[in-house]
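Some notes on the structure that comes next.
The values are calculated or read from the model by the stated rules, or taken from the named source; none is laboratory data. From a predicted model like this one, the values you see are computed outputs, not experimental measurements. Positions of Cβ are generated from backbone atoms using ideal geometry, with glycine treated the same way; all protein chains shown enter the neighbour counts.
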Amino acid sequence: MMSQDTKKPAVKTTGHSWDGIEELSNPLPMWWVWGFYITCAFAFVYWLLYPAWPIGHMYTKGVPGLNTLTYTATSVDGKETQKTTHWNMRSKFMVEMNEHKAAQKQWFDKVASMPFAEVSKDADLMQFVNSAGKTLFSDNCAPCHQAGGQGKIKFSPNLTDDHWQYGGTYEDIHTTLVGGRRGAMPSFKAVLSGEEIVQAANYVLSLSGEPHDAGAAKAGDALFHGKAGCYACHGPDAKGMTAIGSANLTDKIWLWADVQGAKTPEAKLDEVKYVLINGANNGVMPAWGARLKPEQIKLLTVYVHDSLGGGK
């Protein structure tokens with residue numbers, strides 16, 4: 001039988017060789033080459049039509065009229081103006097935001113036109129209140145009052161309980177949001193001696209059924225209604241006054257002294273003593289009347305009153 005030598009085509013090389021290993025020079029697949037050319041052509045056309053290349057402090061803006069967007073810009077003083085610009089992600093975002101605002105406006109207008117109690121009775125409207133109110137609260141109130149409105153001891157009040165130092169009606173909450181609040185309790189270290197501070201602290205603890213020294217509390221009662229003058233702000237019954245935002249000392253709700261978090265009677269006493277000695281002058285809530293629109297404040301009022309569970 002005769003054999004026929006089959007010659008394989010020579011493999012192209014670059015001519016480079018390392019340790020006997022040659023570098024091949026195989027051509028790229030044609031589909032890949034054409035794909036590359038098409039990609040380059042597409043990129044070139046895109047650069048012409050749309051904003052692409054930076055040039056100094058500017059950039060190429062593409063073909064005029066092909067990629068323009070119109071959106072509403074709001075200045076610091078609240079004035080709205082229509083702006084037309086070339087297509088970019090910022091302008092696209094602004095257009096989408098305007099569309100959402102337009103869809104929400106009818107609901108905000110409805111909230112603004114109705115009494116608080118009527119808004120609360122409208123199930124469909126309350127769905128919007130809960131949705132928009134959660135966003136407003138999260139953006140503006142949560143940094144102090146926490147995401148769920150539970151507040152933080154020694155920093156901000158709990159909005160989910162039924163204790164409201166300035167009142168918890170719709171009108172009270174609305175007034176607080178519009179004008180803010182600035183609470184203050186003076187220091188008594190220059191008025192009372194160390195022993196008297198202990199006596200007054202024991203009396204305050206006795207008002208809410210916390211562990212205390214009965215003898216010291218009796219002397220503290222006299223100080224509360226006499227020399228210290230605590231009754232002038234907290235009332236003769238120590239239940240506070242919403243007109244000036246003084247705390248109710250007869251419940252178990254504490255803001256400036258972490259009595260409930262203290263583990264021992266001594267620690268509880270120290271918490272109250274600290275407030276008596278140093279006062280509480282950081283109870284500042286900013287005014288939102290100049291930061292939020294009236295309809296946003298009204299919606300936020302209903303949200304805090306009805307949805308957070310603390311309105312009363």
Can ASP306 be described as surrounded by 14 or more Cβ atoms within 10 Å (Cβ to Cβ), part of a helix (DSSP H, G or I) and under 20 Å from the mean Cα position of the chain (by Cα)?
-> yes
(1) within 27 Å of THR264 (Cβ to Cβ); (2) in contact with a Leu (Cβ under 8 Å, 6 or more places away or on another chain); (3) surrounded by fewer than 20 Cβ atoms within 10 Å (Cβ to Cβ): which one isn't true of ALA238, the others all being true?
-> (3)
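Could you please give the count of residues in segment 162-208 that are over 30 Å from TRP288 (Cβ atoms) and free of Cβ contacts under 8 Å to residues at least 40 places away in the same chain? Lay out the reasoning, then the answer.
Taking segment 162-208 as the starting set, the residues that turn out to be over 30 Å from TRP288 (Cβ atoms) are 188-208.
Those still in the list that are free of Cβ contacts under 8 Å to residues at least 40 places away in the same chain too: 190-191, 193-196, 199, 203, 206.
Number satisfying all stated conditions: 9.
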Filter result (among the aliphatic types (A, V, I, L, M) and either modelled with pLDDT under 90 or under 13 Å from PHE137 (Cα atoms) (or both)) within segment 268-312 = ALA280, VAL284, LEU292, ILE297, LEU299, LEU300, VAL302, VAL304, LEU308
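Across segment 46-55, which residue is modelled with the highest pLDDT among those that are of a type in the set (A, V, I, L, M, F, W, C) and surrounded by 10 or more Cβ atoms within 10 Å (Cβ to Cβ)?
Selected residue: TRP47.
Looking at segment 9-41 only, could you name the residues that are among the hydroxyl-bearing types (Ser, Thr, Tyr) and modelled with pLDDT of 95 or more? Step through it out loud before you land on a result.
Looking only at segment 9-41, we keep the residues that are among the hydroxyl-bearing types (Ser, Thr, Tyr), and these are 13-14, 17, 25, 37, 39.
The answer is TYR37, THR39.
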Listed residues GLU210, GLU196, GLU171; which is more than 18 Å from the chain's Cα centre (by Cα) and under 30 Å from TRP107 (Cβ atoms)?
-> GLU171
